[in-house]
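S.K.: Take this structure first; my questions come after.
Values in this text are rule-based calculations from the coordinates and carry no lab data. A quick note: this is a predicted structure, and the numbers were derived from the prediction, not measured.
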């Protein structure tokens, strides 16, 4: 049985891979998919100056999940979790948890204080909200009707500086 390996560097094929993963998940709107690609493309073009960081989960030669995160300007240790997604074929196998663990490990190295995640309040996103809560995040705020009428933005915070 192949084991999952994690990498924090981006390769030329990652924008296509990210698009495949995000599409397969079924959790993102069509207009969000180009944004996911764009973060990877900017990182390929500008490197660390892009401000985006990635963790990829690879099973053999296939990338099956990833996270994109970055420092929030104007703070002294807050980071946004922009994207975390696992290919539909690999969901339910704790891959997202492993990716998040790797993100937190990287954040501890840079003495981050907190990681902020945002998602929708729609019933479809209940598994996403449960994922955050089950992995140490605390729900901190809700912005009503943020995405669309009846679709609130829910904020979660993980205190990285209190993580072992």
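S.K.: According to the square roots a ≥ b ≥ c of the eigenvalues of the Cα gyration tensor, what is the shape class of the stretch 4-162, taking rounded for a/c under 1.5, prolate for a/b larger than b/c otherwise, and oblate for the remainder?
M.R.: Taking the square roots of the gyration eigenvalues as a ≥ b ≥ c, the stretch 4-162 is rounded.
S.K.: How much length is gained on full extension from residue 19 to residue 147, taking 0.36 nm per residue of separation minus their Cα-Cα distance?
M.R.: Once the chain is fully extended between residue 19 and residue 147, it gains 43.9 nm.
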